[in-house]
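Student: Got a structure for you, written out below as structure tokens; questions coming shortly.
Where a number appears in this text, it was derived from the coordinates with a stated rule and is not lab data. Remember, predicted model here, so these are calculated numbers, not experimental data. Every residue, glycine among them, receives a Cβ derived from its backbone with ideal geometry; neighbour counts consider all protein chains shown.
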Amino acid sequence: MKQTTKPTKSQTKNELAIAIVLMIITVIVGIALPSVRGRMAQSAWSVAREMLFILPAVLVLMGLFAVWVSGETVNKYLGHTSGVRGVLLALFFGALPTGPLYIAFPLAAGLAQKGVRTSNIVIFLTAWACIKIPQELVEWQFLGARFMLARLILTITAAIIIGSILEQVFSSKILKSKKNEE
């Protein structure tokens, strides 16, 4: 079952409203606390500059992924019938790259458009955020193998459980919206 990811008008309005509220809060904090204004502007410029350099490359990669990799192939390996193999691939593909988390969200949206299971998308995003091969090696070096393995096992377990719960929640919402349409 392929899920649509196109936002509704009310979702778009809500997202715009949240962005506007956050901008207003930023301006108020800048006015109320002039001592942090420079750091806020510097931080905002740093993030914007980083996004301007990284995001276009990600969008090109997403376009190539959309053209070169068929939905059938993605469904086979990460779709609803992928099972344990899909979970392992989602973990691997999430843990492999390094980079900021905001890069993973457009990739996850592309995966959703190809029909990837919600649980595998959640696992992919969790792995991207919490499991990085270089990070694991640093943890091993400074905190020991026991700590690294415990955190890794707990993170993977939590990702699988949360992914399964969210998949159930989203599938029940989709069923309810389909019944309402009929």
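Student: Which ordering of 128, 140 is given by a fewest-first count of other beta-carbon atoms within 10 Å?
Tutor: 140, 128
Student: For the chain, state the semi-axes of the equivalent ellipsoid (square roots of 5 times the eigenvalues of the alpha-carbon gyration tensor), sorted largest first and rounded to whole angstrom.
Tutor: The answer is 30, 26, 17 Å, longest axis first.
Student: Next question, about the same structure. What's the FRET efficiency of residue 28 with residue 109 using the Cβ-Cβ distance as r and R₀ = 41 Å, to the nearest 0.05?
Tutor: Between residue 28 and residue 109 the formula returns 0.80.
Student: In the range 69-182, how many lysine pairs have Cα atoms under 29 Å apart, counting only pairs 8 or more places apart or on different chains?
Tutor: 11
Student: Would any residue of the range 108-141 have its amide N under 13 Å from a label point 7 Å out along Cα→Cβ of residue 69? List them or say none.
Tutor: So the set is 108-117, 121, 124-125.
Student: Okay, moving on. I'd like the per residue volume of the convex hull spanned by the Cα atoms of the range 110-149, given in cubic angstrom.
Tutor: 65
Student: Rounded, prolate or oblate: which fits the range 86-153 when a ≥ b ≥ c are the square roots of the eigenvalues of the alpha-carbon gyration tensor, with rounded for a/c under 1.5 and prolate only if a/b beats b/c?
Tutor: Verdict is prolate for the range 86-153.
Student: Please build a GNM for the chain, connecting alpha carbons under 10 Å apart, and tell me which residue among 25, 160, 103 fluctuates the most.
Tutor: Looking only at 25, 160, 103, the biggest GNM fluctuation is shown by 25.
Student: May I pose another question? Along each principal axis of its Cα atoms, how long is the range 1-68 end to end? Whole angstroms, biggest number first, please.
Tutor: Cα spread of the range 1-68 along its principal axes, largest to smallest: 50, 31, 14 Å.
Student: For the chain, which DSSP H helices look membrane-span-like by this rule: Cα extent along the axis of 20 Å or more and mean Kyte-Doolittle of at least 0.5?
Tutor: Passing helices, by number: 9-32, 34-68, 145-181.
Student: Under a GNM of the chain (C-alpha, springs under 10 Å), which listed residue has the highest mean-square fluctuation: 147, 92, 105?
Tutor: 147
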